[in-house]
Amino acid sequence: MTASQTPLRRYSYLGPAGTFTEAALKLAPEAAGQEWIPVANIGEALADVVGGRSNAAMIAIENSVDGGVTVAQDALATTQGLHIVGEYLVPVDFVLVVRNGASLDDIRTVAAHPVAYGQCREWLDERLPGHVHFPAASNVQAAADLLEREQIDAAIAPPSITEHYDVTVLAEHLASNRDAVTRFVLVAPAGPLPARTGADKTSLIVELPRDESGSLLELLEQFATRGVNLTLIASRPIGDRMGRYRFVIDAEGHVLDERVADALLGVKRFSPRVVFLGSYPRADGIRAIAQPSTDDASFRDARAWLDGVLGAGSPRA
């Protein structure tokens with residue numbers, strides 16, 4: 001490498017090539033032309049970033065049908081020094097593939113990732129009653145299993161699978177919900193936040209201070225009283241004993257928005273542990289609309305008024 005050459009940035013993602021995670025990475029402009037590293041699971045992807053082997057990792061965090069990806073939420077709650085710097089939405093669609101020359105009548109066993117299998121179960125039960133499901137480690141691995149294991153007759157895979165494996169597509173659009181999407185986030189070492197765009201999201205993980213009536217309501221009031229809408233709130237067990245939960249929260253707006261910053265201050269005063277996961281542009285581009293009493297100008301005006309009160313009421317020398 002010459003002095004004028006810039007080293008390639010490295011991005012870890014759930015492999016092998018052809019997964020929905022790779023499709024999400026293709027949507028990240030900063031990853032174009034860089035080095036992409038397929039890994040076996042989300043934990044390995046995040047460990048690459050923490051250990052400096054990768055500059056960032058693309059991971060799935062939420063599905064519109066199945067909800068949060070709990071392994072990702074738990075990993076972000078317990079791994080220090082990481083921030084989400086972007087999010088991407090990938091439509092979820094599946095095809096049924098077989099070995100070349102096979103037909104629908106030949107299928108008795110189907111390889112599929114458990115999540116994909118659940119989303120395609122209605123189609124399978126209608127057209128392949130009595131089939132046997134072979135769980136696969138990923139949507140792409142299902143196709144690999146088809147070619148490597150004689151007892152598997154078909155596989156559920158992403159539409160792009162024929163770019164990577166020599167298989168035949170027998171059926172398309174298998175998922176029951178045609179509008180299903182998976183939300184992915186790009187995770188990098190904590191550093192300067194992405195610039196505020198007006199269509200942003202702030203993510204954090206919060207623990208309740210006590211297990212008693214009204215604690216969750218008190219947490220939610222930190223946002224509601226400041227006019228901050230939540231796009232996600234999900235509970236996850238902390239794991240130290242029964243009845244203890246942390247909450248994964250996505251809030252509309254950027255931490256540089258006055259109302260969001262004030263809400264986070266309230267959350268920090270309330271909670272014994274807050275993990276700030278970052279403020280970043282929303283994938284859907286929806287702009288947050290602040291009420292007249294909760295826009296930036298209102299917070300600045302209120303602060304200026306209080307400064308005036310304190311100045312006028314300060315003790316005379």
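Tabulated data for the structure shown
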| quantity | calculated |
| --- | --- |
| Pairs where the first residue, in segment 239-251, is on the phi < 0 side of the Ramachandran plot and the second is among the basic types (Lys, Arg), C-beta under 9 Å, 6+ apart | Tyr245/Arg236; Arg246/Arg236; Arg246/Arg273; Phe247/Arg236; Val248/Arg236; Asp250/Lys201; Ala251/Lys201 |
| Any hit, segment 100-110, residues being of a type in the set (Ser, Thr, Tyr), surrounded by fewer than 21 Cβ atoms within 10 Å (Cβ to Cβ) and more than 19 Å from Asp250 (Cβ to Cβ) | yes |
| Complete set of residues in segment 150-178 that are among the β-branched types (Val, Ile, Thr), out of contact with any Cys (no Cβ under 8 Å at 6 or more places or on another chain) and either loosely packed, with under 13 Cβ neighbours inside 10 Å or not in a loop (DSSP other than H, G, I, E, B) (or both) | Ile161, Thr162, Thr168, Val169 |
| Filtered residues of segment 168-221 (kept if over 30 Å from Gly51 (Cβ atoms), at pLDDT below 95 and of a type in the set (Val, Ile, Thr)) | Val181 |
| So Thr6, is it free of Cβ contacts under 8 Å to residues at least 12 places away in the same chain and open to solvent by 30 Å² or more (accessible area, probe 1.4 Å) | yes |
| Pair list, Cβ < 6 Å and 6+ apart or interchain, from segment 210-230 residues that are without any contact (Cβ under 8 Å) to a residue 24 or more places away in the chain to residues that are small (Gly, Ala, Ser) and loosely packed, with under 13 Cβ neighbours inside 10 Å | none |
| Per-region count, segment 32-67, residues buried (at least 20 other Cβ atoms within 10 Å of the Cβ) and among the small types (Gly, Ala, Ser) | 5 |
| Residue match in segment 74-82 (condition: open to solvent by 10 Å² or more (accessible area, probe 1.4 Å) and among the small types (Gly, Ala, Ser)) | yes |
| Given (1) open to solvent by less than 60 Å² (accessible area, probe 1.4 Å); (2) more than 15 Å from Arg99 (Cβ to Cβ); (3) modelled with pLDDT of 95 or more; (4) aliphatic (A, V, I, L, M), index of the condition Val132 fails | (1) |
| Residue among Val140, Val115 that alone is outside any loop (DSSP other than H, G, I, E, B) and either of a type in the set (Phe, Trp, Tyr) or in contact (Cβ under 8 Å) with a residue 60 or more places away in the chain (or both) | Val140 |
| Residue count, segment 30-82 (criterion: hydrophobic (A, V, I, L, M, F, W, C), under 24 Å from Pro114 (Cα atoms) and not in a strand (DSSP E or B)) | 10 |
| Long-range neighbours under 8 Å by Cβ, at least six apart or interchain, first residue without any contact (Cβ under 8 Å) to a residue 60 or more places away in the chain within segment 290-303, second open to solvent by less than 90 Å² (accessible area, probe 1.4 Å) and basic (Lys, Arg) | Asp295/Arg259; Asp296/Arg259; Phe299/Arg259 |
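The values are calculated or read from the model by the stated rules, or taken from the named source; none is laboratory data. Everything numeric in this text was worked out from a predicted model, so none of it was measured. Because the Cβ atoms are built from the backbone with ideal geometry, glycine has one as well, and the counts that use them run over all protein chains shown. Remember, those area values only see protein heavy atoms, side chains included, never the ligands or the DNA or RNA. Shrake-Rupley method; radii C 1.70, N 1.55, O 1.52, S 1.80 Å.
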